Amino acid sequence: MQTIIIEWQHLDVAGATCRRCADTGAELIQAIARLQVECAPKEVNIVFRETKLKADEIAHSKTILINGIPLETILPDTQASASCCTSCADLTGRPEQCRTLVHLGHEYETISQDLIRQAVCLVGGCC
């Protein structure tokens, strides 16, 4: 059986995360549930790991790794970027740039379950 490990790295300040990371987390949970059903018949196991980051690691917040590879590296025409995030700033007490993804020219503050699924399908060939 093949195993695909999906790791979600996100800011965690006293148990809270920013709005964008929380929304990405919700999308990720939905994607994983869907992928577990889709990939099981092909004997591909989907495993979820969560890594909570400190404020000084915010540049890596909202990173999704699939078998250790960043999602933006897997998907063609996708790059990591950043934009001002007031939600992160509320948590850290200073102005912050929160990670975004640019896919086919569209910037995503929240990483959608569709992008997550596309990347997992490319890695695992199970969907």
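So how do Val102, Val37, Val120, Val44 line up by other beta-carbon neighbours within 10 Å, fewest first?
So the residues, fewest neighbours to most, are Val37, Val102, Val44, Val120.
Using only Cα positions of the chain, each an equal point scatterer, no hydration layer, compute I(q)/I(0) via Debye at q = 0.10, 0.18, 0.19 Å⁻¹ and quote the log10 values to two decimals.
At q = 0.10, 0.18, 0.19 Å⁻¹ the computed log10 ratios are -0.30, -0.90, -0.99.
Give the long-range amide H neighbours of Glu96: residues separated by 5 or more places, or on another chain, with amide H under 5 Å away, using H modelled in the peptide plane at 1.01 Å from N.
Amide H neighbours of Glu96, under 5 Å, 5+ apart: Cys85, Ala89.
Just so you know, all these numbers are worked out from the coordinates, no wet-lab data involved. All values reported here derive from a predicted model rather than from experimental measurement. Cβ coordinates were reconstructed from backbone atoms using ideal geometry, including for glycine residues, and neighbour counts include every protein chain displayed.
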